[in-house]
1. Find which of L62, S80, M1 sits farthest along the positive direction of the dipole of segment 1-94, computed with +1 on the beta-carbon of Lys and Arg, -1 on that of Asp and Glu, about the Cα centre.
2. Mind ordering 232-242, 44-54 by average Cβ neighbours within 10 Å, highest first?
3. Tell me what the chain gives for mean residue ellipticity at 222 nm when only DSSP H runs of n ≥ 4 count, each as -39,500 (n - 2.57), the sum divided by the residue total, rounded to 500 deg cm²/dmol.
4. Which option, [x] 19.2; [y] 18.1; [z] 23.3, is the value of mean projected area of the Cα convex hull in nm² that was calculated from these coordinates?
5. So, how do all the Cα-to-Cα distances of segment 201-307 break down into 5 Å bins, in percent, from 0 on up?
6. Over all directions, average the projected area of the Cα convex hull of segment 281-357 and note it in nm².
7. List the residue ranges in the chain for DSSP H helices whose C-alpha atoms run 27 angstrom or more along the long axis and whose Kyte-Doolittle average is 0.5 or above.
8. At 7 Å along the Cα-to-beta-carbon direction for both F334 and T39, put a label point, then send me their distance in nm to one decimal.
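What follows draws every value from the coordinates through simple rules; no lab data is involved. Because the structure is predicted, anything quoted here is derived from the model rather than measured. Ideal geometry is used to build each Cβ from the backbone, glycine not excepted, and the neighbour counts take in all protein chains shown.
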Amino acid sequence: MILRYLIEKEFIQIRRNAFVPRLIMMLPIMVMCVVPWITNMEVRNVEVLVVDNDHSPTSQRLVQKIQASNYFRFQGTVGSYQEGLEAIEEGRVDIVMEIPYHYERDIVNGRKTQVLIAANAVNGTKGSLGSGYLSNIVASAQSNSQASILNHSPIAIKRLYNTHESYKVNMIPALMAMLMIMLCGFLPALNIVGEKEAGTIEQINVTPVSKIQFIFAKLVPYWMIAAVAMSICFILSWLVYGIVPAGNILLLYLLAMLFAGVFSSIGLIVSNYSDALQQAMFVMWFCVVVMMLLSGLFTPIHSMPDWAQAITRINPARYFIEGMRAVFIKGTGFTGILPQLLILTGMTAVMGTWAVWSYKKQS
């Protein structure tokens, strides 16, 4: 009975705050409708200039492939490689591609031929990915030319899971993790410390309410908030992008509840140790930034240094994103994400216990 009244108190406090209910509804909408368009690791609109020394039908077909690509902006042709370098120095183009003399003849005769790609690597990501895309086009053009002679294709490609190679499919499950962190991390971090500043915490301290009941009542509303936010994300993913989970949606909710439990507990721990709202906000912001950067949200974990990969093993966001992507994109079942579920369950128990222990109830 006491627990019921405590939970009702938390919901009344949330409802009386005009900003929090709006935040709970608007933040998922903003994250799902805006962020997938701008957090895109695909490099597009690369300015390309071509030096065609061959002027053959084969070289012209290669140039046409570049013009037809969505990744490049074709800036025409010039007569020499030196003119192309001057264009890069002036910042007018990003890549210069030089087609050698006798390009078609060497391909027809089966000889090795080399196309030069000079990329502006001041922006390392744009330079490396842009030159990689262009290399694939050149290799594909050469394979097609040789295959037309041999009357067969030497390569067969099959795309698994993400057949359209859309980066949004990879990002949407991870963005749900960012949303859980923001809602279930920051709001609890401002909860207890807010009551300290308002003076209402003293009324709880003189009651026979146990610390476990008090902390559990603080966690329950954020589990509900997590469920609402996840539901909004699933609906928007379907309506806006036409993307639906490949696996069991109940597993996604289970992951979300465990992750919300971990971060809500972390938020309450920060709130217990803080004496002012500003202090809680800065500490929580530090934790959120570090955990998001080390979660695999933007950078694959296997691309990180060994010491950074070791740190990610204690990051709950890593296991939530791994589980979400496995179920949402690949359709993995319960046994496939069992390690992530067990780790998140253990972290929820540890953080929840710490939250109870760190709350200093004075009678």
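1. M1
2. Working: 232-242: 16.2, 44-54: 18.9.
Top of the packing list down: 44-54, 232-242.
3. Here the helix-only value at 222 nm equals -20500 deg cm²/dmol.
4. Read-out from the structure maps to [z].
5. Percent of pairs per bin, in order: 2, 9, 13, 16, 19, 16, 11, 7, 4, 2, 0.
6. Values: hull surface 25.0 nm².
The directionally averaged projection comes out at 6.2 nm².
7. Taking the DSSP H segments of the chain (at least 27 Å long, mean hydropathy at least 0.5), we get 211-241, 249-273, 338-358.
8. Each label point is offset 7 Å from its Cα along the Cβ direction, giving 3.0 nm.
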